[in-house]
Amino acid sequence: MFRFVVLALTLLLAACAGQNPGKGAGDLGAYSQGPASSPSRTPATRSIERRNQSSFDPIADYLVVDKSERMLVAYENGKPIRAYRGLQFGDAPMGHKRFQGDERTPEGVYRIDWRNPQSSFYLSLRISYPNEADRAFASQYGRSPGGDIFIHGQPNGLQRGRMRGDWTDGCIALSNDEIEELWRIVPDGTPIEIRP
């Protein structure tokens, strides 16, 4: 009976928030490794899914990353609902990403376009870089703009805590606890604004 009540309340909240109850943060079975595949759920993601089914986390509809402040803020209906400080970037955190291998994090407005629960880092949310302008710029120089920029946790196998300093190849790294929460509250398609 309790599970039925929780399910009914979850569906009601999803409808009120304008969410499709079959997709988004509440349905981790809908994630994929890419547009066409659907991996089996790991014990870690099943655990997150169970916690998500019984919680009433807010659903973020906009993310802002301030690179200079090293802060990510999640918003719902224009109000901040979560903030994460101490973000980690690539070895060259200043400036907009232009080319593959420059170890910079993009700047501008993108979207969270899919999630990877089985990446080399704990839970990855992919940012939709590069866009058409990014590709056109890199093409002028005969180079690749790069891609596969994610918000993710720490490397799998790290016993606890965080890596030191800036260590990604242009991604945005959080602690494992932080990315786990962000994974639950950020549906695919959520806009993300990355500021210098």
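Residue-level check: of (1) in contact with a Cys (Cβ under 8 Å, 6 or more places away or on another chain); (2) farther than 29 Å from Ile59 by Cβ, His152 misses just (2).
In segment 76-103, the residue that is surrounded by the most Cβ atoms within 10 Å (Cβ to Cβ) out of those that are of a type in the set (A, V, I, L, M) and at pLDDT below 95 is Ala92. The set of residues in segment 167-196 being small (Gly, Ala, Ser) and surrounded by 21 or more Cβ atoms within 10 Å (Cβ to Cβ) consists of Gly170, Ala173.
Restricting Tyr129, Tyr141 to residues that are aromatic (Phe, Trp, Tyr) and surrounded by fewer than 15 Cβ atoms within 10 Å (Cβ to Cβ) narrows the list to Tyr141. Residues in segment 105-117 that are of a type in the set (D, E, K, R) and either over 17 Å from the mean Cα position of the chain (by Cα) or more than 15 Å from Asp66 (Cα to Cα) (or both) were compared, and the one that is surrounded by the most Cβ atoms within 10 Å (Cβ to Cβ) is Arg115. Residue pairs whose Cβ atoms lie under 8 Å apart, sitting 6 or more positions apart in sequence or on different chains, and linking a residue in segment 155-166 that is under 9 Å from Gln88 (Cα atoms) to a partner that is modelled with pLDDT under 90 and assigned to a loop (DSSP other than H, G, I, E, B), are Asp166/Asp91; Asp166/Pro93. Restricting segment 157-196 to residues that are assigned to a strand (DSSP E or B) and touching a Ser or Thr at 6+ places or on another chain (Cβ under 9 Å) leaves a set whose member that is farthest from Met71 (Cα to Cα) is Thr168.
Out of the residues in segment 65-85 that are touching a residue at least 60 places away in the same chain (Cβ under 8 Å) and part of a loop (DSSP other than H, G, I, E, B), state the one that is nearest to Asp148 (Cα to Cα).
First, pick out the residues of segment 65-85 that are touching a residue at least 60 places away in the same chain (Cβ under 8 Å): 65-68, 72, 74, 81-82, 84.
Checking which are part of a loop (DSSP other than H, G, I, E, B) leaves us with 67-68.
Working: Lys67: 18, Ser68: 22 Å.
Checking each candidate, the answer is Lys67.
Checking each residue in segment 64-90 for being within 15 Å of Thr105 (Cα to Cα) and either of a type outside the set (Gly, Ala, Ser) or within 15 Å of the chain's Cα centre (by Cα) (or both) picks out Val64, Val65, Asp66, Lys67, Glu69, Arg70, Met71, Leu72, Leu87, Gln88, Phe89.
The values are calculated or read from the model by the stated rules, or taken from the named source; none is laboratory data. What you see is a predicted model, and the numbers here were worked out from it, not measured in a lab. Cβ: placed from backbone, ideal geometry, glycine included. Neighbour counts: every protein chain shown.
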